[in-house]
């Protein structure tokens, strides 16, 4: 039994080392990437992912979740979501000194009709496998190997001129813990490798354009991390360092009857070496107070190996396509010698106050910066016939610096344990956060209009640094008002202003409210639940709607309200059924936040699904 408890603890503790001032806590204003790989811990309750429909319905309460979260060895899940399908199988085992998780899942997403009865050109096929192997020779040593293979085929992009035909990722992580499992005197070692291959084109899944074009992307990221955790009386210190090597190349080709012609670089073989050192210290003079201070230093050395590559133009003998160096000079009026070095320094202070076991409050003051991503500083795609379609980012961008203050709180009543569990009493939980962020040199996409730092005026995509102000808040409340009934309300709001250009930032999430009402009861065979979710999303009046004055990525979509109904059945924690109907009243609506699987920067309105019935089965043995 002791060994089983040890295994349970170490499965999470090996990942608990904290870098308080980590650069990863801030990200781009709008990021573009394939969907996250499906990890084994969420695979059995996963639903078909749709980048044009934002509610996270996997978080709805369901008694069937007890089936796919129990400790049985074998788990299977199978679901039908409208005309789309998801299936998953999981094996997990814990022995005397080892554990394993094996998962395989498959998604077939198909087109759907929106609330107006119009067919939306959507779909993809996804095949995901994951392996987790853990070995504990003794309580002071643990090794963990994680391998994930994620393959996505024919990912249709109705909001973009090209589709993601192939996305394949291999993710390998090896972790070792040496020392105490509670991190009181522990060394953590982490080695990882991510291999990405991606191809997009404008002809395989749609009517071919006059010029057939495809882009081949290859990327390899290697990272090594070493950290030391130590308790000293009321202090805990985390000191660590890492090195990352990132090689990213993307080539654009014109497909012709005779051969494929290389005519440009999306990313001209960008190699980055990133060195990081951090230290986080916390002091807990009593159980009511905790003071934490973190520092992080990052040095980044980036080289574009193909920055001056001269690609022959076979249509005109003796001529060449413009090199990335030439494109950057034409767009920004400055030369680039192929390499750039940048340094970042981050600092964060946090105070936690816990007057009672049921209350927690925290205040954070931070200066957190981040490096420009490759799409933000090394893109070099020209479009001579339609210069407004070019994407030429600025290699001389400054890192963006977030100076923010954040207040968070969480309060529970005496009997509140969790949602729909208050020991047969009335229970209340409420909390949230409020955050104000003054950003220096925020990195944005824009249109070339000869503005500061840009000499081109062709309307093509460029990147810039601007100062900005961002406010955000999230408030929630959960009420168990009878032993069987509960309700929750979640409110989210965000405000973003480009201070330099005196206009709204793009892709700022509008006000949103989500109200859930749930009923759960026990029976002789197990338990069941019935619930509803009302989601309201306001119209975003502050946006970047016009290409003449901004990027023009935002659309003036109407506000909308949707109603979902759902239910679940749990038979003795061995068999579960989850079913429901999304968008019950078949409302026609589109999300303000656009799809992010590919870098689509033009305004496009893609409607979410209309009424969708779904059902999934879950079993364990």
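The values are calculated or read from the model by the stated rules, or taken from the named source; none is laboratory data. Because the structure is predicted, anything quoted here is derived from the model rather than measured. Cβ sites come from the backbone with ideal geometry, for glycine too, and all protein chains shown count toward neighbours.
Does segment 159-179 contain any residue that is closer than 30 Å to residue 584 by Cβ, in contact (Cβ under 8 Å) with a residue 60 or more places away in the chain, under 27 Å from the mean Cα position of the chain (by Cα) and surrounded by 15 or more Cβ atoms within 10 Å (Cβ to Cβ)? Yes - at least one qualifying residue is present in segment 159-179.
Just one of the listed residues (586, 573, 602) is more than 30 Å from residue 163 (Cβ to Cβ) and assigned to a loop (DSSP other than H, G, I, E, B), and it is 573.
One line per residue, one yes/no per condition, for (1) at pLDDT below 95; (2) not in a strand (DSSP E or B):
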residue	(1), (2)
45	no, yes
62	no, yes
70	yes, yes
78	no, no
86	no, no
103	no, no
107	no, no
126	no, no
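Within segment 535-558, the residues that satisfy the criterion of being more than 23 Å from residue 599 (Cβ to Cβ) and exposed (fewer than 14 other Cβ atoms within 10 Å of the Cβ) are 539, 541, 558.
Do we find that residue 469 is surrounded by fewer than 20 Cβ atoms within 10 Å (Cβ to Cβ) and at pLDDT 95 or above in this structure? Spelling it out, residue 469 is indeed surrounded by fewer than 20 Cβ atoms within 10 Å (Cβ to Cβ) and at pLDDT 95 or above. In segment 238-252, the condition of being touching a helix residue (DSSP H, G or I) at 6+ places or on another chain (Cβ under 8 Å) and more than 30 Å from residue 281 (Cα to Cα) is met by at least one residue.
Within segment 350-364, track down each residue that is part of a strand (DSSP E or B) and either over 24 Å from the mean Cα position of the chain (by Cα) or surrounded by fewer than 14 Cβ atoms within 10 Å (Cβ to Cβ) (or both).
Result: 350, 351, 352, 353, 359, 360, 361, 362, 363.
Being surrounded by 19 or more Cβ atoms within 10 Å (Cβ to Cβ) and within 30 Å of residue 471 (Cβ to Cβ) is the requirement here; does residue 325 meet it? Judged against the criteria, residue 325 is not a match. Being closer than 30 Å to residue 360 by Cα and surrounded by fewer than 19 Cβ atoms within 10 Å (Cβ to Cβ) is a property that holds for residue 295. Among all residues of segment 545-557, there is none that is over 30 Å from residue 443 (Cβ atoms) and under 25 Å from the mean Cα position of the chain (by Cα).
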